[in-house]
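Just so it is clear, none of the values below were taken in a lab; they were calculated from the coordinates. Keep in mind the model is a prediction, meaning the values are calculated, not measured. Here the Cβ is made from the backbone with ideal geometry for all residues, glycine too, and neighbour counts use every protein chain on show.
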Amino acid sequence: MSENKLHIEEHRDDEASKLGMWLFIFTELLLFGGLFLVYSIFRAQYTTSFHESSLELSVTIGAINTIVLLFSSMTIAMALSAIQKNNKKLALILIGITLFCAAIFLFNKYFEWGAKIEHGLYPGSTLMTLLDRGHLLYFSLYFFMTGLHALHIVIGMILLIVCYFKVKSQNINNQNYVLLENGALYWHLVDLIWIFLFPLIYLIT
Amino acid sequence: MSNGTSKIEYVSYLEHQGKYEGIFSWIFATDHKRIGLLYMYAIITFFFIGAILGLLMKIELIAPGETIMKPQVYNGVFTLHGILMIFMVVIPGLSAVFGNFFLPILIGAKDVSFPKLNRFSWWIFIAGSIMAVASQLMKDGPPDTGWTFYAPYSTSTGTNVIMATAAAFVLGFSSILTGLNFIVTIHQMRAPGMKFFNMPLFPWALYATAWIQLLATPIIGITLLMLIGERLFAIGFFDPTLGGDPLLFQHLFWIYSHPAVYVMILPAMGVITEIIPTFCQKQIYGYKAIAISSLAIAGVGFLVWGHHMYTSGMSENARWFFSLLTFIVAVPSAIKVFNWISTMYKGSIDVKPPFLYALSFIFLFIIGGTTGLLLGSVATNVQVHDTSFVVAHFHYIVFGGMGFAFFAAIHYWFPKMYGKMYDYKRANIAWGIIFLGFNLLYFPQFIIGIEGMPRRYFDYPIQFQTSQIISSIGGFILVSGLILMVFNLIQGARKGKLAPANPWNGSTLEWQIPSPPSLENFDEEPVIKKNPYYYK
């Protein structure tokens, strides 16, 4: 009682932070859930067009990106373990590798999108309006879903860059690593969404 | 502390000097009580703008044909009225204002779990509000889609739909973050000894609300993003000429917007549940039933969205199923009404302004709720769909329910928030005027709705004029009552008598601390040993 001061001391509750992150992940899943719903409705309606359109995509690039993201999920989890074991240098390297993987992912995405846009295949283009409706909706969904996912990759990267510098300045350390843990959780979410997007968009037959 | 002893000097949160001074001590405040007040001032301001727009519509409808505005202006006015009132007033209303202020106090905590996130939610709430207002002023003209943004009209109209939907998106984000904050707070910050089932019932209602905010709002987020994409890039999800499906928009829209109705009404029910035992000096009847019915409403509320679309094109099976679920969701609401009335039975009732508002809430809510059942059954719905019957119904729920609960809450907690007391007599008179005006304004709309007066029409045949005039007069009475109420509260805050810590002899935690509370609410962390509603 006598120790009380009249200002709110920095209140730290790692459980609360993690719970908050999990709840936020629910909202992200539901955000994409709306898109998956739209996807499933149009896929049921235009089954053959969706199949034909998906042949236009390169499964190789998609598969490479999947592996890259899965690998990055592993490295960020390892970075967290490294911090818990107080190995700052290793943690920095592992966060760096994660960020590098994210960059490779976006790089591939850039070429994938670029090739389509070069052929005049993008939402709002004249070619798109000439396509039959199933193809048009497939490519609209393709751009919308992968675009929103790419945006989440960028957000995740920003979060991890913040973590990187906080690890460097030892604000994240083996006593207090909840921010990195949350960053890693978010990164797993981004990865998880891709795990759903890849078969839905690339592998359907 | 000048004498150097360990005794803490009491400083109220209103006077506490933090890191910032003047207005910045509010804008940068992380104190949940200050943030609650900030929300309240903003929301009351938006409410009056919305009310004036409503009054303008009532003036327009006083006679058939053009009275004071052109049809296009009328479309813009009801759209802005809807966006303001739904997204900026009733959805955040009770949970952001009284939830922020009283949730931590009621569960014996010093603040919410994430005070900075709370401040951030308030900032983006204001940003979204500014965007909503800006959409009215930009050069393409105010949106004219109604607050529902139905496709394909919303994808083809030339007005500022993108700005308005982006505003709704941002406001939704604020709502999600508030909900997230409250869930974590309730899980992590309850005082020692406070289990879930001896938590007061307002936090219970907020808990159920927060889950709806968290789980339903992302759906409207993605829907509005798709709508923006549709307008910018012709992605074709909702445009039938591009292969899309306008009905899909309606489904996605109501998957959020029906649960959103429970975001409005659940905290309102929570407030009423706090007020009634206090003014009856009696233990709440059926504590567990009320707590669980909040969760039940939240849960079932997710599954009834289709009842907005009976006439839009759905299979017969879908229609009866949604109808059945709609009837089921009425059950937990009725349980609450039953419990409130049972609480009053043999209580020592003290009719003070908050209790008057609570009573009128129950009355109006029953009218709104039962007409809701009429709308929930398919056959009658087809008859009155999109008529002013619907308008009357949801104003009875949203204004008569959530609005009156807001007024009840403000009169109940006012002495705690400001440490002052308002004038009872004037508050009672204002209540009478508001109650009378409200019923005059909306009840005639039930009647002309059944007779076939469509909603959102700026013109009507002459036989509806008597009812329309009564309704318009009611509008003026209502607004004058509102002005008197706010005037009385402002006078109370400025010149009112000092309020004691527990003016109503309430039993919950907020009445055990000084009025207004200190920055950290509790000098000593409270330890809870009994249920929250215990009267000697």
Note the angle between two axes, namely the Cα long axis of helix B:316-344 and the longest principal axis of the Cα atoms of chain B, as a number of degrees from 0 to 90, rounded to the nearest 10. 30
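Can you compute the helix-only [θ] at 222 nm over chain B? Use -39500 (n - 2.57) per DSSP H run of at least 4 residues, normalise by all residues, nearest 500 deg cm²/dmol. Mind showing how you got there, number by number?
Values: 17 runs with 334 residues, N = 536.
One gets -21500 deg cm²/dmol as the mean residue ellipticity at 222 nm.
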Calculate, for A:Lys168 and B:His187, the FRET efficiency according to 1/(1 + (r/R0)^6) with r their C-beta to C-beta distance and R0 56 Å; round to the nearest 0.05. 0.95
Considering the options B:Phe438, B:Gly419, B:Phe404, tell which one lies farthest towards the positive end of the dipole of segment B:402-467, charges being +1 on Lys and Arg and -1 on Asp and Glu at the Cβ, about the Cα centre. B:Gly419
Under 16 Å Cα to Cα from A:Lys88, which lysines show up? Leave out anything in the same chain fewer than 8 places away. A:Lys166, A:Lys168
Mind checking which lysines have their C-alpha under 25 Å from B:Lys70, skipping anything on the same chain fewer than 8 residues away? B:Lys58, B:Lys139
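Take the alpha carbon gyration tensor of segment A:130-190, find the square roots of its eigenvalues, order them as a ≥ b ≥ c, and report rounded if a/c is under 1.5; if not, report prolate when a/b exceeds b/c, else oblate. Before the final figure, lay out each step's value.
On the way: a/c = 9.36, a/b = 4.05, b/c = 2.31.
In terms of gyration-tensor shape, prolate.
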Spin-label pair A:Asp132/B:Leu374, simplified geometry with 7 Å Cα→Cβ offset, distance in nm: 5.0
Centre separation in Å (Cα based) which lies between segment B:459-536 and segment A:76-101: 53
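Which whole-number percent of Cα pairs in segment B:58-108 have a distance greater than 16 Å? List each step's numbers first, then the result.
On the way: 753 of 1275 pairs.
Above the 16 Å cut-off, segment B:58-108 has 59 percent of its Cα pairs.
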Rounded to 10°, Cα long-axis angle of helix B:246-280 versus longest principal axis of chain B: 30
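Using Stokes-Einstein with the Kirkwood hydrodynamic radius over Cα pairs, what translational diffusion coefficient do you get for segment B:101-257 at 4 °C and a viscosity of 1.567 mPa s, in µm²/s rounded to a whole number? Please list the in-between numbers first.
Numbers: Rh = 17.2 Å.
My calculation gives 75 µm²/s for D.
I'd like the FRET efficiency for A:Leu151 and B:Ser348, computed as 1/(1 + (r/R0)^6) with the beta carbon distance as r and R0 of 56 Å, rounded to 0.05. Don't jump to the answer; show the numbers that get you there.
Numbers: r = 59 Å, r/R0 = 1.06.
After rounding to 0.05, the efficiency reads 0.40.
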Between B:Leu295 and B:Asp523, what is the label-to-label distance in nm when each label sits 7 Å out along the Cα-to-Cβ direction? 3.7
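Kindly provide the helix-only [θ] at 222 nm of chain A, computed as the sum of -39,500 (n - 2.57) over DSSP H runs of four or more divided by all residues, to the nearest 500 deg cm²/dmol? Could the numbers behind the result be given before it?
On the way: 7 runs with 162 residues, N = 205.
The per-residue figure over chain A is -27500 deg cm²/dmol.
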Here the whole-number average of other chain Cβ atoms within 10 Å per Cβ of B:232-244 is 6
Kyte-Doolittle mean at least -0.5 and Cα axial length at least 15 Å: DSSP H helices in chain A: A:14-45, A:59-84, A:88-118, A:133-168, A:178-201
Expressed as a whole number, the average count of other chain Cβ atoms within 10 Å around the Cβ atoms of A:127-140 is 3
Using only Cα atoms, figure out Rg for the protein assembly as shown and give it as a multiple of 2.2 N^0.38 Å. 1.01
Between A:Glu56 and B:Trp320, what is the label-point separation in nm under the 7 Å Cα-to-beta-carbon projection? 4.4
Quick calc, the protein assembly as shown, dipole around Cα centre from Cβ unit charges on Lys, Arg (+) and Asp, Glu (-), nearest 20 debye, gives 1720
Under 20 Å Cα-Cα from A:Lys89, which aspartates and glutamates qualify once same-chain neighbours fewer than 8 residues away are excluded? A:Glu181
With Cα coordinates, the longest principal axis of chain B makes an angle with the long axis of helix B:404-418, in degrees rounded to 10, of 30
Report, in debye and to the nearest 20, how large the dipole of chain B comes out about its Cα centre when Lys and Arg carry +1 and Asp and Glu carry -1 on their Cβ. 1420
Taking Cα atoms only, Rg over Rh for segment B:27-502 with Rh from the Kirkwood formula is 0.95
